[in-house]
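Taking it in order: structure first as structure tokens, then the write-up.
The values are calculated or read from the model by the stated rules, or taken from the named source; none is laboratory data. Bear in mind that the values here come from a model prediction, so they are computed numbers and not experimental data. For neighbour counting, all protein chains shown are included, and Cβ atoms are generated from backbone atoms with ideal geometry for every residue, glycine included.
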Amino acid sequence: MSESGEAKTSAAEVDYEHLAAPEPNGEVSGIWPLTAQRADDGALTIGGVSVAQIASDFGTPVYVIDEVDFRTRAAAWKRAMDEAFADLAGADVYYACKAFASVGVCGWALEEGLRLDACSEGEMRTAFGAGAKGEQIGLHGNNKSRREIEMAIDNGVAHLVVDSLAELAHVADVAHWGDDGGTVAKVVLRVTAGIHAGGHEAISTGHEDQKFGLSIASGAAWEAICETQRNQRLELVGLHSHIGSQIFTPEAFSQAARALLDLRARTAAEFGVVLPEIDFGGGYGVRYTAADPVAPAPADYARALAAAVREHVEASGLAAPRVSIEPGRSIVAPAGVTVYSVGAIKDVPLEGGKSRKYVAVDGGMSDNIRTALYDAAYTAALANRESDAPSAVTRVVGKHCESGDIVVRDVALPEDIAFGDILAVPVTGAYGRSMASNYNMLPRPGVLAVREGKAHWLIYQEEVPDLLSLDADYIGE
Ligand SMILES: *Cc1c(COP(=O)(O)O)cnc(C)c1O
């Protein structure tokens, strides 16, 4: 799994076989977006648009999102869940906005029948900007502000996912407030079932010693359920778990599902309350390089979850809950590619007489922090041309003032790669732009949608004056 490995610093340990980017082939399980192809002249095209043309028309670095790929994945999740839960109480798919949110992309998700999972005022307003109604939005977060809770309640969001006992009190307090004598907040409790799945520690959330959720084992989850039954400002509508990210095993989800459903049965037995919703979160893995496994299909996860729900319904005799899930990465990551221009190149000698080619691009850790943050693996390919030159062990680095500023740690690229070539790094649609920073006062790259030979902005390119516009004038002594 790409986010669990040790740093591959020694060239001898590198998995050469999986270094090169596979050729784009129009397979949805592949590493390139669905519509990516090589044109006759060898240039990479996405959505019928030449990546080299994008670079010259719009500049680099720039993120490119294949609209057809995004919609195909979103629709596949929706269809898989609808089919698997047709004989139960149905299902909703919430697109996790944190993976990548823009008004345009939220609009695509809504058109494909998805709802939106937001975890801040900004994400909620992006969803509203795309025309989402309150009931199409779920609000998450482990430390929601009063303003965020008010916005959610005032707009009738589907549910607030509450993360702790302190937050439960906070939500009840906000619900109580106002001239009209207050309202009732529909809450879902985020519980942790002690399941540790997925990659890097920073994105693994189902186990106990981390900041998220109400632990089942410690009794906090049960205490929170009891509190909702005492407090008239709170309507408990369901339970939620999110076990981590980059998970490739449907069994991890069904295991968490069983823990959640046991808690639902206990709530029914103790209080006579049959919770109408169960939310199994996101975290479905994607393939970043050829060394990663091919991700299971949405239907594989959907069937595993439906089997757990069916078992629960049969064992408990309770009515089936409506189920929701929150995929982010698995919808948007493979739809996105980052396009860079190649700048300075240097060969650095390694032990054993070998050398590594360092290829610097015009972005870096400010547009993709995942390599530095999670030791994530990516691949890259020459986008403006094909080359028959032998491949060289290459590291793609950025232009920031840090040696950890690495975009692609190890990749095989043609040894004739040169200044001015265009490089495409695939599977950057998720957690790229959404985690981008202005480190070194670099403007964040814009995001282009491509489809049927046309490109248009989803998010405009930021410019240096945009950054400076927030600087207060110098006052002097
Ligand atoms: C991050 C997150 C998601 C989405 O995770 P992916 O790995 O992008 O699918 C969904 N739900 C919650 C609560 C999250 O924190």
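Observations on the model:
- Pairs with Cβ under 8 Å, 6+ apart, first in region 231-256 and at positive phi, second basic (Lys, Arg): 246/329
- Residue list for region 421-435, restricted to those being away from the ligand (no atom under 16 Å from the Cβ) and more than 25 Å from residue 45 (Cβ to Cβ): none
- Candidate set: region 34-50, residues that are assigned to a loop (DSSP other than H, G, I, E, B) and within 25 Å of the chain's Cα centre (by Cα); chosen: the one surrounded by the most Cβ atoms within 10 Å (Cβ to Cβ): 36
- Any chance residue 366 is surrounded by fewer than 18 Cβ atoms within 10 Å (Cβ to Cβ) and among the hydroxyl-bearing types (Ser, Thr, Tyr): no
To keep it simple, each residue is scored yes or no on (1) farther than 21 Å from residue 69 by Cβ; (2) out of contact with any Pro (no Cβ under 9 Å at 6 or more places or on another chain); (3) among the aliphatic types (A, V, I, L, M).
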position	(1), (2), (3)
411	yes, yes, yes
427	no, no, yes
447	no, yes, yes
450	no, no, yes
453	no, yes, no
466	yes, no, no
470	yes, yes, yes
476	yes, yes, no
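- Within region 248-256, not a single residue is part of a strand (DSSP E or B), more than 14 Å from the ligand (Cβ to nearest atom) and either of a type in the set (S, T, N, Q) or under 30 Å from residue 73 (Cβ atoms) (or both).
Conditions (1) modelled with pLDDT of 95 or more; (2) in contact with a helix residue (DSSP H, G or I) (Cβ under 7 Å, 6 or more places away or on another chain); (3) more than 14 Å from the ligand (Cβ to nearest atom), marked per residue:
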residue: 153; (1), (2), (3): no, yes, yes
residue: 165; (1), (2), (3): yes, yes, yes
residue: 180; (1), (2), (3): no, no, yes
residue: 202; (1), (2), (3): no, yes, no
residue: 233; (1), (2), (3): no, yes, yes
residue: 241; (1), (2), (3): yes, yes, no
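- Taking region 371-441 as the region of interest, the strands (runs of 3 or more DSSP E) fully inside it that hold 1 or more residues being more than 23 Å from residue 37 (Cβ to Cβ) and out of contact with any helix residue (DSSP H, G or I) (no Cβ under 9 Å at 6 or more places or on another chain) are 391-397.
- Residue check: residue 79 meets all listed conditions (1) within 16 Å of the ligand (Cβ to nearest atom); (2) within 22 Å of residue 246 (Cα to Cα); (3) surrounded by fewer than 18 Cβ atoms within 10 Å (Cβ to Cβ) but one, namely (1).
- Out of 134, 90, one residue alone is over 25 Å from residue 445 (Cβ atoms) and surrounded by 16 or more Cβ atoms within 10 Å (Cβ to Cβ). It is 134.
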